[in-house]
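Below: the structure, in structure tokens.
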Amino acid sequence: MTIQAAERPSENSPENKSVTIKVGLDNRGYDIVIGSGLIDNAADHIVPFLPRPKTAIITDENVARHHLKTLTDSLEAVGIDVASIILPPGETTKSFASLETVCDQLLDADIERNDVVIAFGGGVIGDLAGFAASVLRRGTRFIQIPTSLLAQVDSSVGGKTGINSQLGKNLIGAFHQPVLVLADIDVLNTLPDREFRAGYAEVVKYGLIDNPGFFNWLDQNHNTLFGGEPDARRHTVETSCRAKAKIVEEDEFEHGRRALLNLGHTFGHALEAATGYSQRLIHGEGVAIGMVMAFDLSHRLGFCPAQDLEAVEAHLKSVGLPTRASQIEGDLPGAEEFFKLMSQDKKANAGVLTFILTRGIGKAFITSDVAKDALMSFLQEQLPPQ
Ligand code: GLY
């Protein structure tokens, strides 16, 4: 069986407005392609990676309903045999049970070590499918086709894959880089508002880490972006992916600077664990609250001016994101219990927590030097007894 040549996009195709960012990681480097109409023309991008006309797509029920046919049609039109593995949506799918299901179904579909599988979905699917690829037959290659804003700007890039443990989020996993990322901004049109908004927290994160100009641009242009304007969306995904690619190139395995990408995440992951990874709080909402907590703690420790904390909180509020733990419905644990949840963080070293703090917008830094009593009194204020 041979793979037929796919029809190239026409000169006027919106795909011609696509942007390619290179992630330079020697023999693990890859392209991130960002643009419109990429899923319609997916075969053009994917076929060069396939050693034979066969692949498997791992996705969830929501993405399958909206977009799976478009992707499979593109691949089948050039003679590719496609197996589809469709999982329930939601964070609870990032489990050992789902990992087993995915691996068994990939093996059942005769996916071999040299084949390439496709993660087609948001952060949950990307992390789970990437981890399954990393262990299947001791390692198969995979392509990320992220369908949420969060996955397009963060989780599909950089090779972090994994599942959650009962003891915390993303605690079981592997670094396994994709061979290609295809970020089709058209799919963002079918994303529920809450998911888009949650992904936006990860976009704001790049401005807060080291790009105050981007934060200002977002402050001025968020209405256009939320309104669906393609150039604003492309610019947002591109700026985020460039920032992420640069940090990943410098520190692929997170021995240092990559930890900056976890701004707001130590608090956010603990909030997600405290709410049982449920719809009470989705990941990006936890990150939004966590970033405000990181700015607030930095302010109290004397690092960050009050006006920067206020500007960040006002911006996140203006797009409808939660900014304080008190906005989460239902009970939350007290400070001691919350500290235990934070202590499961992967960045902990010899039992000492690592914090991403800030000297202001665009001035994040990494430190382990936060006194426990200062942290505990901060947590007691943030998580008052219910
Ligand atoms: N999402 C954080 C990282 O990829 O390092």
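With the condition kept exactly as written, say whether any residue in the range 204-220 is within 16 Å of residue 94 (Cβ to Cβ) and part of a loop (DSSP other than H, G, I, E, B). Don't jump to the end; show me each part of the working.
In the first step, residues of the range 204-220 are kept if they are within 16 Å of residue 94 (Cβ to Cβ); the result is none.
So far as the range 204-220 goes, no, none of its residues is within 16 Å of residue 94 (Cβ to Cβ) and part of a loop (DSSP other than H, G, I, E, B).
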- Message: Suppose we keep only residues that are hydroxyl-bearing (Ser, Thr, Tyr) and surrounded by fewer than 24 Cβ atoms within 10 Å (Cβ to Cβ) within the range 108-161. Which one would you say is nearest to the chain's Cα centre (by Cα)?
- Response: 134
- Query: Within the group 224, 266, which residue is among the β-branched types (Val, Ile, Thr), within 15 Å of the ligand (Cβ to nearest atom) and either surrounded by fewer than 16 Cβ atoms within 10 Å (Cβ to Cβ) or at pLDDT below 95 (or both)?
  - Reply: 266
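Can you give me the number of residues within the range 33-49 that are more than 11 Å from residue 75 (Cα to Cα) and of a type outside the set (Phe, Trp, Tyr)? Explain how you work it out, then say what you get.
In the first step, residues of the range 33-49 are kept if they are more than 11 Å from residue 75 (Cα to Cα); the result is 33-38, 48-49.
Restricting the remaining residues to those that are of a type outside the set (Phe, Trp, Tyr) gives 33-38, 48.
Residues flagged as more than 11 Å from residue 75 (Cα to Cα) and of a type outside the set (Phe, Trp, Tyr) within the range 33-49 amount to 7.
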- Message: If I go through the range 69-112 residue by residue, how many of them are assigned to a loop (DSSP other than H, G, I, E, B) and within 30 Å of residue 281 (Cα to Cα)?
- Response: 5
- Item | Flag if residue 345 is of a type in the set (Asp, Glu) and within 26 Å of residue 174 (Cβ to Cβ) | yes
- Task: State whether the residues of the range 277-287 include one that is farther than 19 Å from residue 150 by Cα, buried (at least 21 other Cβ atoms within 10 Å of the Cβ), touching a residue at least 40 places away in the same chain (Cβ under 8 Å) and in contact with a helix residue (DSSP H, G or I) (Cβ under 9 Å, 6 or more places away or on another chain).
- Result: no
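Kindly establish whether residue 120 is of a type in the set (Phe, Trp, Tyr), closer than 23 Å to residue 177 by Cβ and assigned to a helix (DSSP H, G or I). Before you say what the answer is, go through the steps one by one.
On the way: of a type in the set (Phe, Trp, Tyr): yes; closer than 23 Å to residue 177 by Cβ: yes; assigned to a helix (DSSP H, G or I): no.
So residue 120 fails the test.
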- Message: Restricting to the range 201-221, give me the number of residues that are surrounded by fewer than 18 Cβ atoms within 10 Å (Cβ to Cβ) and small (Gly, Ala, Ser).
- Response: 1
- Message: When you check residue 46 against the structure, is it in contact with an Asp or Glu (Cβ under 6 Å, 6 or more places away or on another chain), aliphatic (A, V, I, L, M) and either over 21 Å from residue 131 (Cα atoms) or crowded, with 22+ Cβ neighbours inside 10 Å (or both), yes or no?
- Response: no
- Message: As an exercise: evaluate residue 251 against (1) surrounded by fewer than 17 Cβ atoms within 10 Å (Cβ to Cβ); (2) among the charged types (D, E, K, R); (3) more than 12 Å from the ligand (Cβ to nearest atom) and give the number of the one condition it does not meet.
- Response: (3)
- Message: Can you tell me which residue is modelled with the lowest pLDDT among those in the range 339-374 that are buried (at least 19 other Cβ atoms within 10 Å of the Cβ) and closer than 20 Å to residue 301 by Cα?
- Response: 342
- Item | Single match in 52, 65 (criterion: part of a loop (DSSP other than H, G, I, E, B), among the basic types (Lys, Arg) and either crowded, with 20+ Cβ neighbours inside 10 Å or modelled with pLDDT of 95 or more (or both)) | 52
- Query: Residues of the range 147-193 being in contact with a Leu (Cβ under 8 Å, 6 or more places away or on another chain) and under 22 Å from residue 278 (Cβ atoms), which ones?
  - Reply: 147, 148, 149, 154, 162, 163, 164, 165, 168, 191
- In the range 129-166, what residues are within 14 Å of the ligand (Cβ to nearest atom) and of a type in the set (S, T, N, Q)? 144, 148, 152, 155, 156, 161
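Could you please let me know if residue 337 is of a type in the set (D, E, K, R), more than 16 Å from the ligand (Cβ to nearest atom), assigned to a helix (DSSP H, G or I) and over 23 Å from residue 221 (Cα atoms)?
When the stated conditions are applied, residue 337 passes them.
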- Restricted to the range 227-248, and to residues that are assigned to a helix (DSSP H, G or I) and of a type in the set (D, E, K, R), which residue is farthest from the ligand (Cβ to nearest atom)? 231
- Message: Return the residues of the range 166-203 that are assigned to a helix (DSSP H, G or I) and among the aliphatic types (A, V, I, L, M); say none if nothing qualifies.
- Response: 185, 187, 188, 198, 201, 203
- Could you please find all residues in the range 152-187 being at pLDDT 95 or above, among the hydrophobic types (A, V, I, L, M, F, W, C) and over 20 Å from residue 245 (Cβ atoms)? 163, 172, 187
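The values are calculated or read from the model by the stated rules, or taken from the named source; none is laboratory data. Since this is a predicted model, take the numbers as computed values, not measurements. Because the Cβ atoms are built from the backbone with ideal geometry, glycine has one as well, and the counts that use them run over all protein chains shown.
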